[in-house]
Amino acid sequence: MLKGKKIVVGVTGGIAAYKACDIVSRLKKLGATVDVILTKSASEFVAPHTFQALSQNPVMMDMFETPRYWEIEHISLAQKADLILVAPATANIIGKVANGIADDMLSTTIMASTAKVVFAPAMNTIMYQNTIVQQNIQRLEDLGYGFISPASGRLACGDIGIGKLCEVDGIIEFVINAMAPKQDLINKNVLITAGPTIEAIDPVRFLSNRSTGKMGYALSEAAKSRGANVTLISGPTALKAPAGVEVISVTSAEEMYNRVMEHFKQNEIIIKSAAVSDYRPEIKAINKLKKQEGPLQINLVRNPDILYELGLNKGSKKIIGFAAETDNIIEYAKAKVAKKNLDLIVANDLTEEGSGFGSDTNAVYLIDSSYNIIKIDKMSKLDISHRILDKILDL
């Protein structure tokens, strides 16, 4: 699958460095030529000889050691690499590259290369969420560097939160897609909805939900990378849209309904991942409601059921829905498939750690119109997105 591809794996200092052994082994088995650059800190966790045995190539560490061949080794590696994967990537290496610092073998090789560079961060939750680290990540993403989102869970330090190195399966899948991206959606028009909707009570207050839009934006990125013409209709989020995706911003459920219906006809695949409010206030107050004695009663009315309307008029189009539940996941999802005439539903358990709103990972069930069920264990939302697209194309 990766036969003939040349991959440089940079391993930086963190407890997750041992997982890089599996990464190197898996890449070799897929046919890639692998060279490993080990930072001094990483060598405190895993000995260079281990990576040398797994990669079947000398391990690079010191820029100033006597070269084995008459070439400047960091330049040689930089020029021959098809991809540079840094896994695990510490805050230190991310910060160095984001600010143009090249003071060791790995950072110098990255700076001297025109190859795609992908970071798989792994660090303490507070460190990962630090504003400076996030700004460095954003800066590198804006420059075209790739990032494999870390997972959530129990960290080596004992904390629980985001920062664990992505599972090796997810890293390998990301590399495969980066090296040989599928182009099976070329000339296909795909409509995706994402994020929450907001239903105003008055100029200050509103009804909404916890959706962040991450799943829909990941689907947009995946579909675009596979050649699709993607229209993303998005409720309010803080996310940056993938390059090349047409974004239509909406606020309320009614706005989303109108925009979806406007674009329904020209799209062959419609993926409704937005968390649309089922109800809205019957009356929106023109002025801010003032606090009164006693309870406040707000009458709610139903919003249009976008997915149901699409199912009534789908024809040959493929309609995919989402079901975020807290109980009876499969039963509720199957009922939704039948009621709304769906080709596929993506169901997930909101009570499962690392699944659902706000998470960078997800774990889902794919249920088609014949009620065949595929369970996908927790992985990044981008990887989940590719699995969903694979299933849609199999329908």
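Some values worked out for this structure:
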item: Cα-based reach from LYS340 at 18 Å (exclusive), listing aspartates and glutamates while leaving out same-chain residues under 8 positions away; result: GLU268, ASP278, ASP305, GLU309, GLU325, GLU331, ASP368
item: Mean separation of Cα contacts under 8 Å (6+ apart) over length of segment 189-394, as relative contact order %; result: 20 percent
item: Whole-number Å³ per residue for the convex hull built on Cα positions in the chain; result: 162 Å³
item: Computed over segment 285-349, Kirkwood Rh from alpha-carbon pairs, angstrom; result: 14.7 Å
item: Cross-link partners of LYS5 among aspartates and glutamates (Cα-Cα below 17 Å; sequence separation of 8 or more within a chain); result: ASP35, ASP82, GLU173
item: Projected-area mean, segment 6-179, by convex hull of Cα positions, square nanometres; result: 9.2 nm²
item: Distance between segment 282-322 and segment 370-395 - C-alpha centres, whole angstrom; result: 29 Å
item: Calculated [θ] (222 nm, deg cm²/dmol) that DSSP helices of n ≥ 4 give over the chain, each run adding -39,500 (n - 2.57); result: -9500 deg cm²/dmol
item: Out-of-range pairs (alpha-carbon distance over 23 Å; input LYS3/LYS188; LYS3/LYS375; LYS214/LYS284; LYS80/LYS240; LYS318/LYS391); result: LYS3/LYS188; LYS3/LYS375; LYS214/LYS284; LYS80/LYS240
item: Beta bridges by DSSP in the chain, antiparallel share as percent, to the nearest 5; result: 30 percent
item: Sorted by Cβ neighbour density within 10 Å, fewest at the top, the residues VAL46, VAL346, VAL97, VAL204; result: VAL204, VAL46, VAL97, VAL346
item: Computed over segment 189-394, the ratio Rg/Rh where both radii use C-alpha atoms and Rh is Kirkwood; result: 0.98
item: Charge dipole of the chain about the Cα centre (unit charges at C-beta), most positive-ward option of GLN52, THR351, THR12; result: THR351
item: Check: the chain dipole with +1 on Lys, Arg Cβ and -1 on Asp, Glu Cβ, in debye; result: 620 debye
item: Convex hull volume per residue for segment 154-307, taking Cα atoms only, in Å³; result: 162 Å³
item: Share of pairwise Cα separations in segment 232-310, more than 22 Å, in percent; result: 39 percent
item: In degrees, nearest ten, helix 168-179 long axis to first principal axis of the chain (Cα); result: 90 degrees
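Every read-out reported here was derived from the displayed coordinates using simple, explicitly stated rules and does not represent laboratory data. Computed from a predicted model, the values in this text were never measured in an experiment. With ideal geometry, Cβ positions are generated from the backbone for all residues, glycine too; neighbour counts draw on all protein chains shown.
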